[in-house]
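The values are calculated or read from the model by the stated rules, or taken from the named source; none is laboratory data. The model shown is predicted, which means the values in this text are computed figures rather than measured ones. Here the Cβ positions follow ideal geometry from the backbone for every residue, glycine too, while neighbour counts run over all protein chains shown. Side chains are part of the model used for accessible areas, which takes the heavy atoms of the whole protein and leaves out ligands, DNA and RNA. Shrake-Rupley method; radii C 1.70, N 1.55, O 1.52, S 1.80 Å.
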Amino acid sequence: MQVAIHAGAAFTGEGRLLKALRAHKSVLTEHGVAAFGPRQYKQAFKPTFATSEPQFLTPEETSQVRAGLTSDPSIRRAVFQSNALIADSKAAIQDGQFYPRAGKLMSVLDQALEDIRIDFFFALRNPGTFIPKLLMSLPDEDRENIIRNTDLSCLNWIGMVDDIRDMAPGVNVTLWSNEESPLIWGDILRKMCGLPEDVTLEKEYNFLLSLLDEAGKEKANALLNARPDGEQKGLRYALADILEDHAQPELVEEELELPGWSTDIVDAFSELYEQDLERLESMPEVQLLRP
């Protein structure tokens, strides 16, 4: 069996992925794939994640993790999805880092499932918009504590990824930019489910279509209906142009509610974010999905 873990980040469309997986249930079943949501995650992993020390995983804890996996012999790949898997929102920024427990928790799975392929999937977000959204979702005391004890300007995704690579070397890491996910939604689903690249997913562009105004939907549908085989790259360039011109502002734009957080700060983070994506794309142990 193979295990795929989709672990976030927060505010990257909670529930959308699981809904998309279930919408393609017949395709997944045909390829021996089963998708499980947050409830199954809590049963399978959360008790051990909450109590174990990765370097001292006990036989009982190992058995508990393994027992949480499906025993159905027809399932070759189990996909678990929970945006709270490696931390809830309160713990997403700690110790000057995004998701500092990610490496430790993945090391638990790396030990407990040493004979099973583990794939870790994570949607990155521009820190310039992620930080204020995350902080404003927290109670005042928690938010003020993070601001008081954290240099927010130094936050990036490299530390989390490096921790997973160092602490859980047996775990395969696949990332993508949440801002690009409407264009590569089908790639994300196929990769997460271990499906061949040529498997057709009829609804792979529904996410993108849901963001467009009526004129944009007409243009995109005309393009999708006329697309020639093997022209995926050109198709996505054209869809990206349509998305830029016809996206519904209320669906793609976010207000910066954190006091003092300006567009200049977002622009600075955006530049650093692009540099980090390029760095992650060059890491041999990491796969970064891009349009």
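Against the conditions (1) assigned to a helix (DSSP H, G or I); (2) at pLDDT below 90; (3) hydroxyl-bearing (Ser, Thr, Tyr), where does Thr29 fall short? Just the number, please.
(2) is the only condition that Thr29 fails.
Quick check on my filter: what residues within the stretch 59-72 are assigned to a helix (DSSP H, G or I) and either of a type outside the set (D, E, K, R) or open to solvent by less than 40 Å² (accessible area, probe 1.4 Å) (or both)? Spell out how you get there, then give the answer.
Step one: filter the stretch 59-72 for residues assigned to a helix (DSSP H, G or I), giving 59-67.
Those that are assigned to a helix (DSSP H, G or I) and either of a type outside the set (D, E, K, R) or open to solvent by less than 40 Å² (accessible area, probe 1.4 Å) (or both): Pro59, Glu61, Thr62, Ser63, Gln64, Val65, Ala67.
Mind telling me which of the residues Gly230, Gly234, Gly216, Gly186 ends up being at pLDDT below 95 and either closer than 30 Å to Glu144 by Cβ or surrounded by 13 or more Cβ atoms within 10 Å (Cβ to Cβ) (or both)?
Values: Gly230 fails: either closer than 30 Å to Glu144 by Cβ or surrounded by 13 or more Cβ atoms within 10 Å (Cβ to Cβ) (or both); Gly234 fails: either closer than 30 Å to Glu144 by Cβ or surrounded by 13 or more Cβ atoms within 10 Å (Cβ to Cβ) (or both); Gly216 fails: at pLDDT below 95.
Exactly one residue qualifies, and that residue is Gly186.
Right, Ala112: of a type in the set (Gly, Ala, Ser), under 16 Å from Thr48 (Cβ atoms), open to solvent by less than 30 Å² (accessible area, probe 1.4 Å) and within 16 Å of the chain's Cα centre (by Cα) or not? Give the steps one after another, and end with the answer.
Numbers: of a type in the set (Gly, Ala, Ser): yes; under 16 Å from Thr48 (Cβ atoms): yes; open to solvent by less than 30 Å² (accessible area, probe 1.4 Å): yes; within 16 Å of the chain's Cα centre (by Cα): no.
Considered against the rule, which asks whether it is of a type in the set (Gly, Ala, Ser), under 16 Å from Thr48 (Cβ atoms), open to solvent by less than 30 Å² (accessible area, probe 1.4 Å) and within 16 Å of the chain's Cα centre (by Cα), Ala112 comes out as no.
Inspect the stretch 22-29 for any residue being farther than 27 Å from Asn156 by Cα and within 18 Å of the chain's Cα centre (by Cα) and give the result as yes or no. Show your work before the answer.
Step one: of the stretch 22-29, the residues farther than 27 Å from Asn156 by Cα are 22-29.
Imposing the further condition that a residue be within 18 Å of the chain's Cα centre (by Cα) reduces the set to 22.
Taking every residue of the stretch 22-29 in turn, at least one turns out to be farther than 27 Å from Asn156 by Cα and within 18 Å of the chain's Cα centre (by Cα).
Only one of (1) outside any loop (DSSP other than H, G, I, E, B); (2) open to solvent by 80 Å² or more (accessible area, probe 1.4 Å) fails for Val3. Which number is that?
For Val3, the exception is condition (2).
Hand me the list of helices (runs of 4 or more DSSP H) wholly inside the stretch 73-179 holding 3 or more residues that are free of Cβ contacts under 8 Å to residues at least 12 places away in the same chain.
On the way: elements: 102-112, 127-136, 140-149, 158-167.
Of the helices (runs of 4 or more DSSP H) lying wholly inside the stretch 73-179, those with at least 3 residues that are free of Cβ contacts under 8 Å to residues at least 12 places away in the same chain span 140-149.
For residues that are buried (at least 19 other Cβ atoms within 10 Å of the Cβ), in contact with a strand residue (DSSP E or B) (Cβ under 9 Å, 6 or more places away or on another chain) and more than 18 Å from Leu251 (Cα to Cα), tally how many sit in the stretch 189-213.
Summing the residues that are buried (at least 19 other Cβ atoms within 10 Å of the Cβ), in contact with a strand residue (DSSP E or B) (Cβ under 9 Å, 6 or more places away or on another chain) and more than 18 Å from Leu251 (Cα to Cα) in the stretch 189-213 gives 3.
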